[in-house]
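**Student:** So that we are looking at the same thing, I have put the structure below in structure tokens.
The values are calculated or read from the model by the stated rules, or taken from the named source; none is laboratory data. Quick caveat: nothing in here was measured; it's all calculated off a predicted structure. We place every Cβ from the backbone using ideal geometry, glycine too, and count neighbours over all the protein chains shown. Heads up: the accessible areas ignore ligands, DNA and RNA and are worked out on the full protein's heavy atoms, side chains in. Shrake-Rupley method; radii C 1.70, N 1.55, O 1.52, S 1.80 Å.
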Amino acid sequence: MKRMFNAFSLGNLDIVNRFVFPPIKLGYGNPDGTVTDRQLNFYQQIAKNGPGLVIIEPVSVTADGREHPKQPCIHLPESVRELKKIVEVIHGEGRLACLHLNHAGAGALPKIIGGKPKAPSVMTCVAREETVSDALTGEEIEMILGGYKSAAEKALEAGFDVIEIQGGHGYLISQFLNAKLNKREDRFGQDRLLFAREALSRVKEGAPGVPFVLRISGNEMSPEFGISQEDLLPLLKLAEEMRIRAIHVGMGNACFSPPWYFHHTSLPDKPQMDALAWVREHTTLPLIVAGRMGRKEKVIKVLDDGLADLVALGRPLIADPDLVEKWQTGMDEEVMYCGYCLQGCLHRMKSGEPLGCNLNPAVGLPELVPTSNPIKVLIAGGGPAGMSTALYMTRRGHQVTLAEKTDHLGGQFAIAWQAPGKEKMKQGLDTIERSVKASETSILMNRSLDTALVQEVQPDLLVWATGAVQNIPEIKGLDNQYVMTSIEYFQGEKEVKGPRFLVIGAGRAGIEIAEKLGKEGYEVVATKRTEPIGSMMEMITKKLALMRIGQMDKVTLMPHTTVKEFKSDSVEVEKDGDRITLEPFRTVILSSGMLSAPGPDEDIVNAVPRVEIIGDAGEVQDIFSAIHAGYDLALKY
């Protein structure tokens, strides 16, 4: 374990430990490239007692290679001034700062760059809504190469200690290297390594003496479009030849294999470890491993097996910026472990919102300060919203009592991790629960909130966080069926009777139930009145789930389908206006949406000065919204 905290030499620099923060897009900046307080808060949180090397979010060497409207800039006159602010924050915490240089090529976002993306040849980036790129002209290639040199010069001027060049993940350098994509007939097609060599040379010219890191994909995980090992190998040899100081090994391709690019929680570990071992075999340079490395046992094994020299922690540090310090001081049980679900981070970024986290609502925000007006708070409900309220209200100095009517905390979060591929989410729930129990919150289990409890506690504020209940559709004959709700299914409250199941409502929970039953060999039909199937699901999670379900012969998904009537020997449904008769089912599982639980009755409302209704009790949304509702309420009081 001590090896994780040993210093490591990178050229003429010493990294204080074996951890690196990788380049993660934040969406915190201003569209004009100016740096915001939230960006500075974020990097201070990450750097404080954290990874020895902090790589800031990607910058495009020219404006036509950008991926996000709030991406930091390096091509503007004021870029040095703005980026220097981030460098000073990182240096202020005694950590090294690294600038990540990229050009997305075909992966650039058209609405940001004001036109079609440019790539070595005409190609389609599937992840960019089938956008077809134009082929770069020789003059445009030279402008981009000039951008690499200019960016390196500005990095040096801004005070960055290290520069990382993106050479993988299906971005521009990788596109030039890839024989499946580069169909040029000029010198950049005849020698596919030429663009990479020129880009690295320009960076070295612009920032002589600065250590460089090269980022690659160990495997782009796209047999049809991803770069082959044969095409990747010359880049590794070039890195040695040009005295690159380390290779940063990720996975996937931003255009053709986003689940691997983002390291989704449900993917197996073996392809990543195999790819890392292949890179280790083919280079003598130090390696940084990236992707789902937020578990100590995995870090130790990778270091002990000699597969990597440094470990990148991205999302794990977003979930808990103090992770490295907690590991070093033996506070493992206090770590808020990332579940790699992508729901609070990638899902929000794709929706145009800033990066967030299901587990850490304070990411990038100033530290909570003690209140000058402590009050007594009574919380009804120990689900995500209730636990979050208790945790952050006590941190502000309020006197908190939490009443939970069942024998456990967690609400629907306590069952969410049981869905296929979500098992890693349980550790985050466990940490929140431990944190609440370790706080100064008075917790009352198996206790419903009533007027007697209100009179006993005499709160200044009542927080109603009782969550949601299952919506029960009105369907003729449903009362004669063996029925359970989605919550009852995941909680195991009723016997699962097969072999044939009908899931009414193929939204997020319905899809998860259908897959789980399908994996167990049952015959499943899941209906949904409207499109899309799997609504409310994070896009990569949905894509992977539907792909797995598509391989199950006994699972049938029926969109645009309304269940009309249950008969003794059949089930009548209507699909796209046509009446269809289905064979009867042994069990019917209701996953037809959730409704906010009833609010406090009038006697309770009249007995307290103030009432706040939050989380699903106020509006049915998701775990992210529930956790953040508790934090936002603590800010209010």
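**Student:** For region 424-579, what does the alpha-carbon gyration tensor say about shape, rounded, prolate or oblate, given a ≥ b ≥ c as the root eigenvalues, a/c under 1.5 as rounded, and a/b over b/c as prolate?
**Tutor:** The shape class here is prolate.
**Student:** Right, another one. By the gyration tensor of its Cα atoms, with a ≥ b ≥ c the square roots of the eigenvalues, what is the shape of region 513-588: rounded for a/c under 1.5, prolate for a/b over b/c, or oblate?
**Tutor:** Oblate, since a/c reaches 1.5 and b/c is not below a/b.
**Student:** How much length is gained if the chain between Leu307 and Ser570 is pulled fully straight, taking 0.36 nm per residue apart and subtracting their Cα-Cα distance, in nm to one decimal?
**Tutor:** Gain in length upon complete extension: 88.9 nm.
**Student:** At 7 Å along Cα-to-Cβ for each site, give me the label-to-label distance between Glu456 and Asn30 in nm.
**Tutor:** 5.4 nm
**Student:** I need the Kirkwood Rh of region 146-234: take the reciprocal of the average 1/r across all distinct C-alpha pairs and report it in angstrom. Before the final figure, lay out the partial values.
**Tutor:** Working: mean 1/r = 0.0728 Å⁻¹.
Roughly 13.7 Å, rounded to one decimal.
**Student:** Continuing with the same structure: Let a ≥ b ≥ c be the square roots of the eigenvalues of the Cα gyration tensor of region 345-469; is it rounded (a/c under 1.5), or, if not, prolate (a/b larger than b/c) or oblate?
**Tutor:** oblate
**Student:** May I ask for the distance between the Cα centers of region 164-211 and region 236-258, given as a whole number of Å?
**Tutor:** 11 Å
**Student:** Something else about it: With the crude spin-label approximation of a point 7 Å out along Cα→Cβ, what separation in nm comes out for Ala135 versus Glu474?
**Tutor:** Those two pseudo-labels are separated by 6.4 nm.
**Student:** Would you kindly derive the ³J(HN,Hα) couplings of region 489-500 from the backbone phi angles with the Karplus curve 6.51 cos²θ - 1.76 cosθ + 1.60 (θ = phi - 60°), listing them in order in whole Hz, with x for Gly and Pro?
**Tutor:** 5, 5, 7, x, 6, 10, 5, 7, 10, x, x, 10
**Student:** Still on this model: Tell me, what is the FRET efficiency for Glu334 and Arg295 to the nearest 0.05, using R0 = 22 angstrom and their Cβ-Cβ distance as r?
**Tutor:** E(calc), rounded to 0.05, equals 0.90.
**Student:** Please report, as a whole percent, how much of the solvent-accessible surface of the chain comes from carbon and sulfur atoms (probe radius 1.4 Å).
**Tutor:** 49 percent
**Student:** Right, here's the next one. Starting from the Cα-Cα distance between Arg197 and Met547, subtract it from 0.36 nm times their residue separation and give me the gain in nm to one decimal. Present the calculation step by step, with values, prior to reporting the outcome.
**Tutor:** On the way: separation 350, 0.36 × 350 = 126.00 nm, distance 3.88 nm.
So the chain would gain 122.1 nm between Arg197 and Met547.
**Student:** Give the list, by residue number, of cysteines in the chain with no other Cys Cβ closer than 4.7 Å, or say none.
**Tutor:** Cysteines lacking a close Cβ partner in the chain: Cys73, Cys98, Cys338, Cys341, Cys345, Cys357.
**Student:** Further question on the same structure: For the chain, what value does the Rg/Rh ratio take when both radii are computed over Cα atoms and Rh is the Kirkwood radius, given to two decimals?
**Tutor:** Working: Rg = 26.6 Å, Rh = 26.5 Å.
Rg/Rh for the chain comes to 1.01.
**Student:** Turning to a different aspect of this structure: Solvent-accessible area per residue for the chain at a 1.4 Å probe radius, Å²?
**Tutor:** It amounts to 40 Å² per residue over the chain.
**Student:** What FRET efficiency comes out for Lys183 versus Leu233 if R0 is 25 angstrom and r is the Cβ-Cβ distance? Round to the nearest 0.05.
**Tutor:** That gives a FRET efficiency of 0.75.
**Student:** Given R₀ = 56 Å, FRET efficiency for Thr530-Ser442 by Cβ-Cβ distance, to 0.05?
**Tutor:** 0.80
**Student:** For the Cα atoms of the chain, what angle does the longest principal axis make with the long axis of helix 79-92, in degrees from 0 to 90, nearest 10?
**Tutor:** It works out to around 70 degrees.
**Student:** Also, I was wondering about something else. When the Cα centres of region 534-600 and region 278-346 are compared, how far apart do they sit, in Å?
**Tutor:** If you average the Cα positions of each part, the centres end up 39 Å apart.
**Student:** Starting from the Cα-Cα distance between Asp37 and Val369, subtract it from 0.36 nm times their residue separation and give me the gain in nm to one decimal.
**Tutor:** On the way: separation 332, 0.36 × 332 = 119.52 nm, distance 1.73 nm.
Roughly 117.8 nm would be gained on extension.
**Student:** Here's another thing I want to ask about it. What percent antiparallel are the DSSP beta bridges of the chain, to the nearest 5?
**Tutor:** Restricted to the chain, the bridges split so that about 25 percent are antiparallel.
**Student:** Mind giving me the nanometre distance, one decimal, between the label points for Thr562 and Lys636, set 7 Å out from Cα along Cα→Cβ?
**Tutor:** 3.7 nm
**Student:** Using a cut-off of under 16 Å, list every residue of region 121-145 whose amide N is near the label point 7 Å from the Cα of Gln190 along the Cα-to-beta-carbon line.
**Tutor:** Only 138 pass the distance filter.
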